[in-house]
1. Only one of Leu302, Leu311 is under 15 Å from Val390 (Cα atoms), in contact (Cβ under 8 Å) with a residue 12 or more places away in the chain, out of contact with any Cys (no Cβ under 7 Å at 6 or more places or on another chain) and not in a helix (DSSP H, G or I); which?
2. Look through Lys277, Lys324, Lys304 and report the one residue that is within 29 Å of Ile187 (Cβ to Cβ) and basic (Lys, Arg).
3. Does Gly48 count as at positive phi, buried (at least 16 other Cβ atoms within 10 Å of the Cβ) and out of contact with any Cys (no Cβ under 7 Å at 6 or more places or on another chain)?
4. In the same structural domain as Glu355 (by TED's automatic domain parsing) and either within 16 Å of the ligand (Cβ to nearest atom) or in contact (Cβ under 8 Å) with a residue 24 or more places away in the chain (or both): is that true of Pro292 in this structure?
5. Just give me the residues in segment 219-253 being away from the ligand (no atom under 15 Å from the Cβ), part of a helix (DSSP H, G or I) and under 22 Å from Gly290 (Cβ atoms), in sequence order.
6. Of everything in segment 85-135, what is more than 16 Å from the ligand (Cβ to nearest atom), in a strand (DSSP E or B) and crowded, with 21+ Cβ neighbours inside 10 Å? Give them in sequence order.
7. I need the full set of residues from segment 366-395 which are within 19 Å of the chain's Cα centre (by Cα), under 18 Å from Val351 (Cβ atoms) and not charged (D, E, K, R), in order please.
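The values are calculated or read from the model by the stated rules, or taken from the named source; none is laboratory data. From a predicted model like this one, the values you see are computed outputs, not experimental measurements. Here the Cβ positions follow ideal geometry from the backbone for every residue, glycine too, while neighbour counts run over all protein chains shown.
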Amino acid sequence: MYLTNEEEGIIEGEQGEVPARMFRLLVRLGDIYGADRMIPVGSVQVAGVSYKSIGDPGTEFLEDMAAKGAKVKVLTYLNPAGMDLEDWKTLGFPEDFAAKQLRIMDAFKKMDIIITATCTPYLAGNLPRFREHIAWSESSAVSFSNSVIGARTNREGGPSALAAAILGRTPDYGLHIDENRKPDMVIEVEAGLEYNADFGALGYYVGKQVKNKIPYFTGIGDANTDHLKALGAAMAASGAVALYHAEGLTPEAHLMDTQGLEVIPVTDNEIKETYAKLNTGTDPDIVILGCPHASLREIAALAKEVEGKSLKKPVWICTSRVMKEAANRMGFTDTIERAGGNVVADTCMVVSPIERMGFETTGVNTGKGANYLPGFCRQNVVFRNIHELVRRVTE
Ligand code: F3S
């Protein structure tokens with residue numbers, strides 16, 4: 001790989017031990033994937049934030065980095081933490097868990113990382129531009145930024161994202177390169193899709209079919225950005241889709257030639273079968289919405305859905321702190337709380353320790369959550385749209 005004089009110097013330790021170590025990691029990664037140079041990144045998003053995911057070894061690693069003076073060079077946000085960083089006590093998060101989580105956040109803060117913990121950084125102040133190179137880790141955010149915004153990122157691991165943040169660079173390979181952003185197949189959607197959950201079911205089904213390839217969608221011309229984030233998150237979870245195109249919707253779609261590509265039709269039948277497959281429970285102990293983290297429109301939809309009702313089971317909607325502030329101001333949080341629900345910031349159903357909090361069956365409207373909850377949180381899943389989920393916990 002070609003390295004500039006400055007980069008050679010970093011490897012030799014001219015900027016200190018941590019940058020040298022992190023740069024060697026990026027060079028190794030670039031060598032594996034055949035990168036010929038490093039490119040600057042405009043922003044970074046680091047995963048591996050919840051104590052549940054990284055445990056004591058990860059916590060100690062981050063504290064060690066912070067103690068050695070590691071600082072990030074570009075705007076860097078975090079993936080969701082394991083709890084609401086302000087209301088964790090009221091929501092019933094365990095004290096021992098909270099203490100560890102707060103140590104992790106402190107270490108990130110010392111590195112100048114913005115401790116906004118969200119999988120929708122693009123809704124919370126970290127919005128890349130079209131064709132900007134970035135290094136993000138969270139798979140749903142990678143999908144959204146590549147596909148809906150047209151920014152460019154590979155799916156980074158926690159350590160490679162942290163390295164990119166500290167160096168402000170990433171190796172130039174994969175989805176940073178035009179040639180690698182072409183579609184591999186066409187997904188012809190004939191199914192009727194209405195709710196975010198329907199787009200999650202579509203994403204789950206397509207992810208299973210295409211694995212880590214690049215699909216080009218036709219037939220979803222009315223999808224809004226919430227639908228697209230649900231679609232991308234589910235495809236990234238059930239497969240490893242980091243980029244998709246959608247005719248008439250995503251910014252690179254019109255540049256792509258789909259002639260001669262395999263066509264995979266998706267009808268109402270496939271969507272119905274996906275709902276059947278993902279539903280492993282019937283009676284939720286808790287309903288958790290907001291995967292990926294809810295937009296203000298999704299919080300408003302829940303407020304409307306529960307207004308004047310009395311919820312018999314906990315209902316959370318997970319979001320970023322920024323969206324929660326806006327929801328507070330608009331009175332949505334009050335409406336949801338009056339019904340017995342909560343707007344929960346900074347965390348989500350998968351990275352929080354819900355299995356330690358007495359829940360066994362979780363109701364969700366997300367294909368990604370439905371994919372991970374059984375394995376990560378030992379949960380049975382009720383996968384439905386928002387309207388049906390609220391009905392199940394109010395009757
Ligand atoms: Fe975000 Fe958690 Fe879903 S990180 S995409 S809310 S599983």
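1. Of Leu302, Leu311, the one residue that is under 15 Å from Val390 (Cα atoms), in contact (Cβ under 8 Å) with a residue 12 or more places away in the chain, out of contact with any Cys (no Cβ under 7 Å at 6 or more places or on another chain) and not in a helix (DSSP H, G or I) is Leu311.
2. Lys277
3. yes
4. Yes.
5. Selection gives nothing.
6. Across segment 85-135, the qualifying residue is only Ala135.
7. Thr366, Gly367, Gly369, Ala370, Asn371, Tyr372, Leu373, Pro374, Gly375, Phe376, Cys377
Table: residues versus (1) basic (Lys, Arg); (2) more than 21 Å from the chain's Cα centre (by Cα).
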site	(1), (2)
Ala66	no, yes
Leu75	no, no
Gly82	no, no
Asp87	no, yes
Asp96	no, yes
Lys109	yes, no
Cys119	no, no
Asn154	no, no
